[in-house]
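Chemist: Starting off with a structure, shown below.
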Amino acid sequence: MDDRPHKAHRPATSGGKVDKKEKGKGKEKQHGFNEKAFAPKSGRRADRQGRRNVERDQTRLHVPLVNRTPDDQPPPVIVAIVGPPGVGKTTLLKSLVRRYTKQTLTEAKGPITVVSGKKRRLTFVECNNDLNSMIDIGKIADLVLLMIDGSFGFEMETFEFLNILQSHGFPKVIGILTHLDLIKKAATLRDSKKALKKRFWTEIYQGAKLFYLSGVLNGRYPDTEIMNLSRFISVMKFRPLIFRNAHSYVLADRLEDLTPRELIRTSKGKCDRTVTVYGYVRGTNLRLGTKVHIPGVGDLEMKGVTLLGDPCPMPDADSEKRRKLSEKKKLLIHAPMSDVGGVMYDKDAVWVNVPGNFTRGNEDVVQGEGEQMVMDLQDVGSTLEDAVAKSQIRLFGDSSKSLTVDPSSSADVEIESDDDEDDNDEGDEDDSGIESGADNDNNDEVDEEDRPPGPRSTGRSNRRDITRSIPSSSKTQRAEVEYAESDSELGDDDALEQGGRMRLNDDDADHDIPSDDDEGEAGDEMSDEEDESAPRWKKNLAERAQANLSSSRKLRRKDWTKLIYSTSLSPEEILRDKPREESLGDEMDEDDFFQIKKGEAGDEEILDSSKDPLDAEELKRWEDEDMLESIRHLFITGEAGAEAEGEGEENNGDDEEFGDIGEDLEGDDEIESPKQAPKSDSETSRAAALAAKKEALKRKFDEQYDDPEASKLDFYEEKKDEMARQLALNRSEFEGIDAESRTLVEGFRPGHYVRIELADVPCELIENFDPTYPIVVGGLLPAEERFGYIQVRIKRHRWFTKTLKNNDPLILSLGWRRFQTVPIYSLDDHSIRMRMLKYTPEHMHCYATFYGPVSLPNTGFCAFNSLLGESPGFRVSATGVVLDIDRSVKIVKKIKLTGVPYKIFKNTAFIKDMFSSALEVAKFEGANIRTVSGIRGQVKKAMPKPDGAFRATFEDKILKSDIVFLRAWYSVQPRKFYNPVTSLLLSDKEHWTGMRLTGQVRREQGLKTPLNVNSTYKPIERPPRRFNPLIVPKKLQASLPYASKPKLMVPQRNQTYMQKRAVVMEPDEKKAVALLQQIRALRKDQVARRKEKKEEKNAVRQKKLQKEEALKSEKEKEKRKDYMRVAGQKSKREADIEEGRGRSKRRKT
């Protein structure tokens, strides 16, 4: 379908549609355009519509942020695919890669970078179902494709990831519903979509984009749905996030171990490694000398950063032409960790995968990169020894014989090369080999159309390197020859046998290569003495050295930026002005192998070697006012006009910098005298600058006093203009500086593809490396490298079931770091003190203080009790924000000191057992004390004996049984505990365990809690109190009146006659008594049943009466309403009649 040509649209020239269009043209001009027809009828409606439009525009505005991403070469947009397991993340990733690159991935691992348009590249990352990976992806993702199983609904991992995003800066989120084909009923599908969409909008925002993927066809989602999604991704705009705007970071798409194999072997793999990571710089500039943090590993030092060619460049004019001619060339993809094109980069090897049904002669099928490599190896017709023997390589230009390889030493070469194979693979990986060739493919790329087509076309995309390494003359037993990249490089050496011209990689000029005939002629002309003398490169060395030494120092201008920031020069070389290598390149021939190191003349005579020799005559020039005026624009206090003029007068190719005048004056030659410049030019420029300054002041005056409101811009527009001006100023500052100096000053800009070399990396990272887990290299600010106490505002998450306890370990994700610490919770007690809390409050913020790496204020974080996947329930335990760093505030907790009185007077008492010495009493003199019964008092003076006793006064007399207590505050210091989460160093990365609680350790080891006998709860037994009887003396009883006398009857001790007698009944009497008892029982039961029935009837009747009462009350209420309405109308009429507004008076008038 893609090869079928598309027909061009031909518009119709006749017919009804054309006549209708022609009639409609110019209708407005013919009949006139009525502007009033489109005006709103109602003024209120127009006002409401205008207000609504303004409010809608205001909701679209946001706080302006500086976008530090360059517009010309932005880094690829990171698109993270997140979701629970089994939801279809890998299928979506393969479908999107297939949509952009026309390639099918067999195994998708690690970041995958593709070109999606003229100005955009995308890096797809699949996030596995691990909390550590979700945290890392949430910090770096620009766009999140949140996948939801439509047949199941939202899962807990989805909500956890959304909460992580809220803490670390919310990127753009697109929801994707999958597995909708499992819902068969259309009504159920519609309801499910509606419910999921409503819930998704609640979590994100109203109107968040949600895509629906119906089913899977041939292992991919439908092309139309993927195309709609890819179009939406390609045109999305991203707002810069605050944290990423201040930090640089690299998502590593490749990892290599450069540690020497011998060191690994001797240490049995347990030594720290030297590792290089590759990736695009994102965020802000990556500066040299700063520390980096890899989440899951720790803080590391950058040993070096190298700028590499872009492996996935954006299309330019040449590639656009090539895209139209060759369809397969436009599909750029960079995925070193995945199996792309049959080539997969492992941590220490390159795997080439050729399918089993591969046919060599089939030219219709596009061959992958791995198949091209295998074909190149198969096409080798001759050995490397034969190719070297055919080629003519000479060590010097006037050599009469070319270099040859001794066949007897070939066996030794093979043996020694096998021994050193491991070292060469690792140490020289960037100089030769398949991996470096893949890296440099896009740097030295040539058009496919420039090569003649044919089955011998090997698909090599980088420029052929003609130069080869030369065997060392010092090692006769070992000939070291560099292997070529393909067989096509080996067969082209015959062209060099007869002489010609050659171009080196780093040189633009062509160099003559003399042939054997030329060499022979030159040898005949030379005399015997010249043959015995040195070769051509040693001729005239003294004249060349003298000429170079006498050349003007003005031609070699210092670049102070390179001298200050470069670390490759020693202090002596900087002070002595190390000559550039280019200065000797023009005067030496192309066959000169060596250069003479040029020293400074007269170094021995100079006593102070840190100063250049000065001439007293030259210093007198600085006394001239005109000369000083001419260089005034080179300083900060100089005028803008003079600076512009100075820049305009410079027509040479060099960029003018602020240190050039000083550099020129240090030279041995005379500089041009500023007196030769006409004075009129400087006066004219000064006058022009003054006029421009006056014009700006006048304009500002007019704006303020004529119409002050006209000059005021909207806050939003003003901020955006200010940021645009600042960006333009920053760009103009670095316009004239070369790339190397700019990198030394500002670092590597976002969008650069860099190679970062890290030293002292734990060996477990390499041994347990898994490409499915992202490796993020986050740059640290200078303030973030130190540790201290951090105060944060924290709130327990409402979905986390347990209450957070003080001094319990908590895992925090703060900045780039994930670490475990022990926080102390506190609350501001009326701005007087910070009072410690035992537990976090419910539905309320509190403060937390802990020890850890310093982070900037307003940095968000989230907390977890455990990162294990088996943890039941919601795992995000708390969220918060950093408030202050190293705050010197005391956190205090309550303490109660108790004592008992041992001697009591009226309002004074002596208290003991509260303090242990008189010194402690002296510290608390004047403190308020209190008894349990509520009597307040005050500490007065310490008593000599016993120790710790003191005299106290109270507002009332206390009892001996009272307990006296004193309330005080005790300061608490957070524990210095910091435990970084090193999940990437584990073989099982999902089961990282930090410090555990004592109860958890006992539970895992099956230990019982130690029991303290005094702490056990015992049943409280309170015996009943027995009160003695009240005994009134008989004399007092006699004098009391009868009503007050105690009337206590003594219980009778002897039995009465009725108790003593025994009743013996006859049988007939017994029968009669039994019959009466039965009759009474029946009667009692009958009465009880009758009472129950009556109660039931009464309940039914009460319900009926309540209904009737309700109806009656409703009717009465309606009657009252009617009555009151009539009464109100009547009173209103009467009031109107009294005021003279009655109906009769209106009739009379």
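Chemist: How far apart, in nm, are two points set 7 Å out from the Cα along the Cα-to-Cβ line at Ser971 and at Thr772?
Modeler: With each label point 7 Å from Cα toward Cβ, the separation is 5.2 nm.
Chemist: Quote to one decimal, in nm, the extra length available between Leu1040 and Asp808 on full extension: 0.36 nm per residue of separation minus the C-alpha distance between them. Can you show the working numbers first?
Modeler: Working: separation 232, 0.36 × 232 = 83.52 nm, distance 7.44 nm.
Between Leu1040 and Asp808, full extension yields an extra 76.1 nm.
Chemist: Okay, moving on. For Ser826, Ser630, give me the order by solvent-accessible area with a 1.4 Å probe, most accessible first, ignoring ligands, DNA and RNA. All intermediate terms of the calculation are to be shown ahead of the outcome.
Modeler: Working: Ser826 0, Ser630 55 Å².
Solvent-accessible surface, decreasing: Ser630, Ser826.
Chemist: Can you compute the modelled spin-label distance between Asn1028 and Lys894, with each label point 7 Å from Cα toward Cβ, in nm?
Modeler: Once both label points are built, they end up 4.3 nm from each other.
Chemist: A further question on this structure: Sort 166-172, 716-722, 223-229 by the packing proxy (mean of other Cβ within 10 Å over each peptide's residues), most packed first.
Modeler: Values: 166-172: 19.0, 716-722: 12.9, 223-229: 14.6.
Highest-to-lowest ranking by the protection proxy: 166-172, 223-229, 716-722.
Chemist: What is the Å³ per residue value for the convex hull set by the Cα atoms of segment 77-244?
Modeler: Working: hull volume 19.4 nm³, N = 168.
Here the figure is 115 Å³ per residue.
Chemist: Among Ile148, Ser167, Val97, which residue has its Cα furthest toward the positive end of the charge dipole of segment 77-244, with +1 on Lys/Arg Cβ and -1 on Asp/Glu Cβ?
Modeler: Farthest towards the positive end: Val97.
Chemist: Using 0.36 nm per residue, how much length does the chain from Arg731 to Thr290 gain when fully extended, once their Cα-Cα distance is taken away? Mind showing how you got there, number by number?
Modeler: Values: separation 441, 0.36 × 441 = 158.76 nm, distance 2.34 nm.
Length difference between fully extended and current span is 156.4 nm.
Chemist: Hey, another quick one. Roughly what would the spin-label model give for Glu757 and Asp1122, points 7 Å off Cα along C-beta, in nm?
Modeler: That separation, rounded to one decimal, is 10.4 nm.
Chemist: How big is the gap, in Å, between the Cα center of segment 198-220 and the Cα center of segment 1008-1075?
Modeler: The two parts, judged by their Cα centres, are 83 Å apart.
Chemist: Give the calculated FRET efficiency between Glu1004 and Lys906 to the nearest 0.05, with a Förster radius of 60 Å applied to their Cβ-Cβ distance. Spell out each step's value before the answer.
Modeler: Working: r = 62 Å, r/R0 = 1.04.
For Glu1004 and Lys906, the calculated efficiency is 0.45.
Chemist: Ok, one more. Which pairs break 20 Å Cα to Cα here: Lys802/Lys896; Lys89/Lys172; Lys139/Lys172; Lys903/Lys957; Lys139/Lys303? Intermediate results must be reported in sequence, preceding the final value.
Modeler: Details: Lys802/Lys896 29 Å; Lys89/Lys172 18 Å; Lys139/Lys172 12 Å; Lys903/Lys957 11 Å; Lys139/Lys303 25 Å.
Lys802/Lys896; Lys139/Lys303, as the Cα separations exceed 20 Å there.
Chemist: Quick one: which residues, 5 or more positions from His247 or on another chain, have an amide H under 5 Å from its amide H? H modelled 1.01 Å from N in the peptide plane, none for Pro or chain starts.
Modeler: So His247 has HN proximity to Thr284.
Chemist: For segment 111-268, give the percent of accessible area contributed by carbon and sulfur heavy atoms, probe 1.4 Å, rounded to a whole number. The partial results should precede the final answer.
Modeler: On the way: 3900 of 6870 Å².
Carbon and sulfur: 57 percent of the exposed surface of segment 111-268.
Chemist: Can you list the residues of segment 1048-1069 with backbone N under 19 Å from a point 7 Å past the Cα of Gln1077, pointing along Cα to Cβ?
Modeler: 1062-1069
Chemist: Packing-wise, with mean Cβ within 10 Å as the measure, how do 741-749, 119-127 rank, highest first? Let's see the in-between values first.
Modeler: Numbers: 741-749: 18.9, 119-127: 21.9.
Put in order of decreasing packing, that is 119-127, 741-749.
Chemist: I need the calculated FRET efficiency for the pair Asp181 and Asp316, taking r as the beta carbon distance and R₀ as 30 Å, to the nearest 0.05. If you can, show how the numbers build up before the last one.
Modeler: Details: r = 43 Å, r/R0 = 1.42.
Efficiency computed from Cβ-Cβ geometry: 0.10.
Chemist: If you don't mind, there's one more thing I want to ask. For the pair Asp702 and Ala739, what calculated FRET efficiency results from E = 1/(1 + (r/R0)^6), where r is the Cβ-Cβ distance and R0 = 60 Å, to the nearest 0.05? Don't jump to the answer; show the numbers that get you there.
Modeler: Numbers: r = 45 Å, r/R0 = 0.75.
With a Förster radius of 60 Å, E is 0.85.
Chemist: How far, in nm, would the chain grow between His991 and Gln1055 when pulled straight, counting 0.36 nm per residue and subtracting the alpha carbon separation? Let's see the in-between values first.
Modeler: Numbers: separation 64, 0.36 × 64 = 23.04 nm, distance 8.80 nm.
Length gained between His991 and Gln1055: 14.2 nm.
Chemist: Highest mean first, how do 853-864, 989-1000 rank when packing is the count of other Cβ atoms within 10 Å averaged over residues?
Modeler: On the way: 853-864: 19.5, 989-1000: 13.9.
The densest-packed peptide leads the list: 853-864, 989-1000.
The values are calculated or read from the model by the stated rules, or taken from the named source; none is laboratory data. Computed from a predicted model, the values in this text were never measured in an experiment. Reconstructed Cβ throughout: ideal geometry from the backbone, glycine too, with neighbour counts over all protein chains shown. Just the protein is used for accessible areas: all its heavy atoms, side chains included, with ligands, DNA and RNA removed. Shrake-Rupley method; radii C 1.70, N 1.55, O 1.52, S 1.80 Å.
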